[in-house]
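K.L.:
The structure follows.
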Amino acid sequence: PKRKIIFSGIQPTGVPHLGNYLGALRQWVKLQNELHKRHVLLYSIVDLHAITVKQDPKELAQWRKEMFASLMAVGLDPKRSIIFAQSDVSYHSELMWILSCYASIGYLGRMTQWKSKLALPDNASPFDPSPSNKAALKLGLFSYPVLQAADILLYQTTHVPVGEDQAQHLEFARELAIGFNHAIATNNNSNFRLHPPETILSPAKRVMSLTNPTKKMSKSDENPKSRILITDTKEVIQNKLKSALTDSVEGVSYDPEGRPGVSNLIDLMYHIDESVAASPEELAKDLEGLSMRALKEKVADVVDEGIRDVREKYEEVMAMPGSELRALAKKGEQQAGSYAGKTLGEVKRAVGL
Ligand code: ADP
Ligand code: NA
């Protein structure tokens, strides 16, 4: 069978939460452990994406380090996966420019991320003359999906493991690759083609906020109690779960539409400990008679158990000498750079540069 090339990225915006962990990072580690012998795995800290919104430079540098430590803490291994910072491999920006020349503004205008980051309505247009919109929308935020497409296509990636919120961007990347291939096919006789990648969704596609369970758990939620971090202590986990929004229906049942809060807790427990039940419905049956308080205590125990190793490993990695971490980052940069340079060279030739 053909060699698989796995690529995914995460922004350096603080220690990952359980949405990142269950929706993406844990899947990255599983793929690494299954595939590393015959396939290529690349995982990037996408710091160029982070600056599409305002960042404090000192904080960003610290967050980059914390994300690097988090990736190692969840079980990524620099011997099996290529772990690197996006801005260390300048080919990402270079391919983005070339792809920008093939990307449709109309299509980008329909993407939801720039609208949600600016709290604009779904039908907002980049050319909307309203002053707040015009002042706030920067080109980088608008064209973010082109950079994301470049990140992926630069490695001739075959599979991208992400949470459901990224499916739209992946479809954009696929269509951009197809459009680019079409353009170069009619321009010259090069055999080079960009590979349109497939999406891999993990079983926990969408982990919801604890305090507002109809929204996804997210780093950008201003309420820190809305999310559990992979480094949270048992006490912190217990406290956050105590204030999780549930309902006043008696007993436990699984009904994501009618009882989003309780169902999110069931989902969390079900996904954190994959041996706990065969389905969330069965798990809810097992816990049927519990009070909300007892359910939350149980979920706290399971979450604490589930991330204890990660938390301990995180402390270990953060305590490593800076030079050792820098050497690992350098190794990732070189490995990623050698794949990326090859693709970029072919792209440039294909367009006549
Ligand atoms: P955030 O959305 O918190 O800013 P990122 O955009 O850096 O996080 O996403 C990193 C990865 O985590 C992506 O693959 C994304 O799909 C996944 N992810 C983020 N939030 C969730 C969630 N609540 N449930 C499932 N997956 C998620
Ligand atoms: Na996201």
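K.L.:
What's the Cα-based Rg to Rh of the range 224-316, Rh via Kirkwood?
P.N.:
A ratio of 0.97.
K.L.:
For the residues V160, V40, what sequence is obtained by ranking on other C-beta atoms within 10 Å, fewest first?
P.N.:
With the fewest neighbours first, V160, V40 line up as V40, V160.
K.L.:
Where the only charges are on Cβ atoms (+1 Lys, Arg; -1 Asp, Glu), what is the dipole of the chain about its Cα centre, to the nearest 20 debye?
P.N.:
Magnitude of the dipole: close to 1240 debye.
K.L.:
Sticking with this structure for a sec: What size of dipole, in debye to the nearest 20, comes out for the range 224-316 about its Cα centre when the only charges are +1 on Lys and Arg C-beta atoms and -1 on Asp and Glu C-beta atoms?
P.N.:
Using only the charged Cβ atoms, the result is roughly 440 debye.
K.L.:
What value in Å³ per residue do you get for the convex hull of the alpha-carbon atoms in the chain?
P.N.:
Considering the Cα atoms of the chain, their hull volume per residue is 152 Å³.
K.L.:
Out of P57, P145, P161, any idea which swings most in a Gaussian network model of the chain, alpha carbons joined below 10 Å?
P.N.:
P57
K.L.:
Okay, helix-only estimate at 222 nm for the chain: each DSSP H run of n ≥ 4 adds -39500 (n - 2.57), divide by all residues, round to 500 deg cm²/dmol; what do you get?
P.N.:
-15500 deg cm²/dmol
K.L.:
Let me ask something additional. By DSSP, what percent of the beta bridges with both residues in the chain are antiparallel, rounded to the nearest 5?
P.N.:
Counting only bridges with both partners in the chain, antiparallel ones make up about 10 percent.
K.L.:
If you don't mind, there's one more thing I want to ask. Just rank T343, T157, T186, T214, fewest to most, by other beta-carbon atoms within 10 angstrom.
P.N.:
Ascending number of Cβ neighbours within 10 Å: T186, T214, T343, T157.
K.L.:
Can you tell me the orientation of helix 322-351 relative to the chain, as the angle in degrees between its alpha-carbon axis and the longest Cα principal axis, to the nearest 10?
P.N.:
50
K.L.:
If you don't mind, there's one more thing I want to ask. Which listed residue (L210, S263, M111) has the Cα farthest towards the positive end of the charge dipole for the chain, taking +1 on Lys and Arg C-beta and -1 on Asp and Glu C-beta about the Cα centre?
P.N.:
Value computed over the given set: M111.
K.L.:
Right, another one. Expressed as an acute angle from 0 to 90° and rounded to the nearest 10, what is the orientation of the C-alpha long axis of helix 167-187 relative to the principal long axis of the chain?
P.N.:
Between helix and principal axis, roughly 10 degrees.
K.L.:
For the Cα atoms of the chain, what angle does the longest principal axis make with the long axis of helix 144-153, in degrees from 0 to 90, nearest 10?
P.N.:
With both axes taken from Cα atoms, the answer is about 80 degrees.
Values in this text are rule-based calculations from the coordinates and carry no lab data. Computed from a predicted structure; not experimentally measured. Positions of Cβ are backbone-derived with ideal geometry, glycine not excepted, and every protein chain shown enters the neighbour counts.
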